[in-house]
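The values are calculated or read from the model by the stated rules, or taken from the named source; none is laboratory data. Nothing here was measured: the structure is a model prediction, and the numbers come from that model. Counting neighbours? That spans all protein chains shown, and the Cβs are built from the backbone with ideal geometry, glycine included. Areas reflect the complete protein model, heavy atoms only, side chains present, ligands, DNA and RNA absent. Shrake-Rupley method; radii C 1.70, N 1.55, O 1.52, S 1.80 Å.
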Amino acid sequence: MKVLFITQNDPFYVRELFEEILKVHPRRDQIAGIVVAPAMGKKSLLGLVKQMWGFFGPLNFVRQGVRFVLYKVAAKLPRALLGGRVFSIEQTAAAHGVAVHHVANLNAPEFVEWVRAEGIDVIASVAAPQIFRAPLIRAPRLGCINIHNSKLPRYRGMLPNFWQMYSGEPSVGTSVHRINENLDDGAILAQTESAIEKGESLEALIRRTKIRGAHLLSRTLLELEAGTINELPNPVGEGSYFTFPTPADVREFRRRGYRLM
């Protein structure tokens, strides 16, 4: 079975999921490559900066900005100078002999045709930054799957770990589901739960669930290959959907005793 991952250029949390899955997945020969794509939408760079400023607040915004710049600089250095550490998805993939492809438009006919020509059996989305359209969804033999940090059908949408903490949940879920043309809507293939530890920050929870999610995704890929997947419904009528938190949401999150970092 040939697996193609599609993701975004995130040096923080997504990179950690790839570090883990490339380390633990017993069938690394399955992995045909990792596609890194940019976001496509109407939000400008200034709009993104304003959104992140409103979410993190001044201190954490600067902190994250400095970390981002340091990670970007380190990503361009020879690995021999980094003591074996990796700071980008490209470095992580190179350490395991996995090819990385940069694709501007995931739904472009030429990329869809490339997926078919490569004989890709399944596409696995890990925070893919573009919505998959029908031709891409149908291109792999076994379709496309996605990993989402909630126990679907609840907490569809943006930043689900934030909203599960905000709502006072004792645990957060992780789901692997099939992709269709609606957001977080396809049949559920696997799920797990992680208890929220006392005093745990949102960032620590995201990192922990990304690593646990890598193991869930690895198991799902093995079961897809073996044909032993037990699919569960993902009924939209039983779900809930959340957008990106506003500054007021973040203030209420803190008032309830939670920390972002």
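Each Lys or Arg adds one and each Asp or Glu takes one away; over the other residues whose Cβ falls under 14 Å from the Cβ of Phe68, this sums to +3. Placing a label point 7 Å from the Cα of Ser201 along the Cα-to-Cβ direction, the residues of the range 47-66 whose backbone N falls under 11 Å from that point are 60-61, 63-64. Under 24 Å of direct C-alpha separation, and excluding same-chain neighbours fewer than eight residues apart, Lys50 reaches these lysines: Lys42, Lys72. Summing Cβ point charges (Lys, Arg +1; Asp, Glu -1) relative to the Cα centre of the range 1-103 gives a dipole of roughly 220 debye.
Take the Cβ-Cβ distance between Val69 and Asn107 as r, set R0 to 35 Å, and report the resulting FRET efficiency rounded to the nearest 0.05.
0.65
Take 86-94, 186-194 and order them by the average number of nearby Cβ atoms within 10 Å per residue, most first; the result is 86-94, 186-194. The largest accessible area among Leu232, Leu142 belongs to the first residue in Leu232, Leu142, and the rest follow in falling order (1.4 Å probe, all chains). Apolar share of the accessible surface for the chain: 57 percent from carbon plus sulfur atoms, 1.4 Å probe. Using the Cβ of Leu217 as centre and a radius below 14 Å, the other residues enclosed give a net charge of +2, where K and R count +1 and D and E count -1. The heavy atoms of Arg219 present about 110 square angstrom of accessible area, all protein chains included, probe 1.4 Å. Projecting the Cα positions of Gly157, Val103, Ile196 onto the charge dipole of the chain (unit charges on Cβ atoms of Lys, Arg, Asp and Glu, taken about the Cα centre) puts Ile196 furthest along the positive direction. For Glu238 and Leu77, the difference between the fully extended length at 0.36 nm per residue and the C-alpha to C-alpha distance is 53.1 nm. Which trypsin sites (Lys or Arg not before Pro) in the range 122-157 sit in a loop by DSSP (not H, G, I, E or B) and have at most 16 other Cβ atoms within 10 Å of their own Cβ? In loop regions of the range 122-157 (DSSP not H, G, I, E or B), the sparsely surrounded trypsin sites (Lys or Arg not before Pro) are Arg133, Arg141.
Can you give me the relative contact order of the chain as a percent, contacts being Cα pairs under 8 Å and 6 or more apart?
Averaging sequence separation for qualifying contacts and normalising by length gives 22 percent for the chain.
Cut-off 20 Å, label point 7 angstrom out along Cα-to-Cβ of Glu181: give me the residues of the range 3-45 whose amide nitrogen falls inside. Zone members listed by number: 40-41. Across the range 26-139, the relative contact order, built from alpha-carbon pairs under 8 Å that are at least six residues apart, equals 39 percent. Its DSSP H runs of at least 4 residues, each contributing -39,500 (n - 2.57), put the calculated 222 nm mean residue ellipticity of the chain at -13000 deg cm²/dmol, to the nearest 500.
Per residue, the chain exposes an accessible area of 49 Å² to a 1.4 Å probe, with every protein chain left in place.
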